[in-house]
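Presented below is the structure to which this report refers.
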Amino acid sequence: MSDPDRIKTVDASPQAQGAISLYAKRQRIQVKSVSGRFQHIRDATILGTMGLYLGLPWVRWDGQQAVLFDLPNREFHIFGLTFWPQDFLFLSWALIIAAFALFFFTVLAGRVYCGYVCPQTTWTRFFQWIEQWCEGDRHSRIKMDSAPWTASKILRRGSKHLLWLALAFLTGLTFVGYFSPITDLTTRIFTLGWGGWELFWVGFFTVATYMNAGFMREQVCLYMCPYARFQSVMFDRDTLIVSYDEDRGEPRGRGAKKKQHSDTQVEKGDCIDCGLCVQVCPTGIDIREGLQYECITCAACIDACDDVMDHIGKPRGLIRYTTENALEGKESRIVRPRLIGYGIALLLMATLFMVTLYNRVPLQVDVIRDRNQLYRTASSGRVENIYRLEILNKGQEPQRYELTLDGPDGLRMENRTEFTIEPGQHLSLPVTVSYDPYEVEMASSTIWFTVTSLDDPDLEKRHESRFIAPRR
Ligand code: SF4
Ligand code: SF4
């Protein structure tokens, strides 16, 4: 019998509530290799990305490594230009341009960056090539997974992992080679002369590459990459996406010829349900279920399906690059206001960046007034203002400079006006500006310090400051 005073309880356990577990065990994806027009383009862009990454540190420019981020000296060398932490603006600017380029290409062609040039895609594809070379095609690999450990399996698996590690090590070595001269770094492998940080970072990137491209693969795209999450806000109904033509493909079924079902009178669509589009997908999705955030627009399913269509004598394009509007039979415009807007912004920023970079003067001058006293009167009777000039030679050559002063007549500098600064060096120069109050009358006024290179007169920087005179 139930007690009327007792508070009613509800069994809230997951079992009683029929809760669904949010954890799903990872299904290992064995990707089938495919060839076709889009895969040829992908191979070219992926080889280009890898070639650029591995080759760039070996390029020489004016006798030194063309791209070197020399952190201990805080110098960033890029094809003859030297950037300093003070040039951080250029880096921010370059990142903003890269972000706009990403917006532009995403609005135009969806996740084309992911499928064609992303480092995760690039390295994974290289690792897959190695895997296929060592262990055979998808079918052989699936068989090998469940086969007992034989000498052949150990040899094939072992060589795959050795080659993966070799590529991962090369990746780590190259990464550190962007920060520490790569010829020297490579030579020091043989003398065991690496420092602690070099060992750490090469090791870190070796392990990260080995894990990401060898084991995690599509998991990085699905769960770690932020781009996959926010890209959908950049899509619109005219963005190019990889899509399955449901009207043409359904109802799917085996058999190349259209059949009439005697009872339903339904004609089969063009999809023969061969499953190849799923087997070649690096993220393991079925594009026939509609656009999914897991799709990296690699177009492997397009190439696979086109091949099937060729074999059964149907027109290509059951899976194709298209837009949502085009799929619904509506007018679709690739060139549209949003795209033009991003394009103009991108072009303007890139042009301004190039112009600013071209006109960049590799010299920095900062003037700091003495904060302790506005002015002082020397024993000679002259009224003096004290400044400190911070001068940085941001060029690649030593420079002889001359310092000049512009301002009211009667002002003069009481210190040396010629000096030499080595490349990358900075000079802190105390400067005294004075006038004789018995000779001229002076009011507080604006003055300018100009530093000009005696070796290259075009190299000049001018800085404004203030001269403070006593009240009369
Ligand atoms: S590859 Fe083409 S025909 Fe085969 S299942 Fe996919 S969509 Fe259908
Ligand atoms: S659905 Fe097609 S385009 Fe998208 S990731 Fe898979 S194979 Fe690539």
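Check whether at least one residue in segment 42-61 is within 30 Å of PRO423 (Cβ to Cβ), crowded, with 19+ Cβ neighbours inside 10 Å and in contact (Cβ under 8 Å) with a residue 40 or more places away in the chain, and report yes or no. Give the derivation first.
Taking segment 42-61 as the starting set, the residues that turn out to be within 30 Å of PRO423 (Cβ to Cβ) are 52-61.
Restricting the remaining residues to those that are crowded, with 19+ Cβ neighbours inside 10 Å gives 57.
Keeping just the survivors that are in contact (Cβ under 8 Å) with a residue 40 or more places away in the chain gives 57.
Yes - at least one qualifying residue is present in segment 42-61.
For segment 1-54, give me each residue that is hydrophobic (A, V, I, L, M, F, W, C), modelled with pLDDT of 95 or more and out of contact with any helix residue (DSSP H, G or I) (no Cβ under 8 Å at 6 or more places or on another chain). Passing the criteria: ALA44, LEU47, LEU52.
Being more than 16 Å from ligand 1 (Cβ to nearest atom) and either within 32 Å of the chain's Cα centre (by Cα) or assigned by TED's automatic domain parsing to the domain that holds TYR113 (or both) narrows it down to one of GLY343, GLY284, so name that one. Let's see the steps before the verdict.
Details: GLY284 fails: more than 16 Å from ligand 1 (Cβ to nearest atom).
From the options GLY343, GLY284, the qualifying one is GLY343.
Looking at GLY284, is it under 30 Å from MET216 (Cβ atoms) and in contact (Cβ under 8 Å) with a residue 24 or more places away in the chain? So GLY284 passes the test.
Note on segment 338-431: enclosed strands (runs of 3 or more DSSP E) holding 3 or more residues that are surrounded by 15 or more Cβ atoms within 10 Å (Cβ to Cβ) are 363-369, 383-393, 399-406. Looking only at residues of segment 156-175 that are buried (at least 19 other Cβ atoms within 10 Å of the Cβ) and aliphatic (A, V, I, L, M), we find that the one that is nearest to PHE200 (Cα to Cα) is LEU173. Just a yes or no: is a residue in segment 291-304 within 8 Å of ligand 1 (Cβ to nearest atom) and closer than 15 Å to VAL34 by Cβ? Yes: segment 291-304 contains one or more residues that are within 8 Å of ligand 1 (Cβ to nearest atom) and closer than 15 Å to VAL34 by Cβ.
The strands (runs of 3 or more DSSP E) found wholly in segment 23-118 include none carrying at least 3 residues that are over 17 Å from SER180 (Cα atoms). Out of CYS277, CYS295, one residue alone is crowded, with 21+ Cβ neighbours inside 10 Å, within 15 Å of ligand 2 (Cβ to nearest atom) and not in a helix (DSSP H, G or I). It is CYS295. Among the residues of segment 309-331, none qualifies, meaning not one is away from ligand 2 (no atom under 16 Å from the Cβ), without any contact (Cβ under 8 Å) to a residue 60 or more places away in the chain and either within 24 Å of the chain's Cα centre (by Cα) or not assigned by TED's automatic domain parsing to the domain that holds ARG28 (or both).
The values are calculated or read from the model by the stated rules, or taken from the named source; none is laboratory data. What you see is a predicted model, and the numbers here were worked out from it, not measured in a lab. A quick note on method: Cβ atoms are made from the backbone with ideal geometry, for glycine too, and the neighbour counts reach across all protein chains shown.
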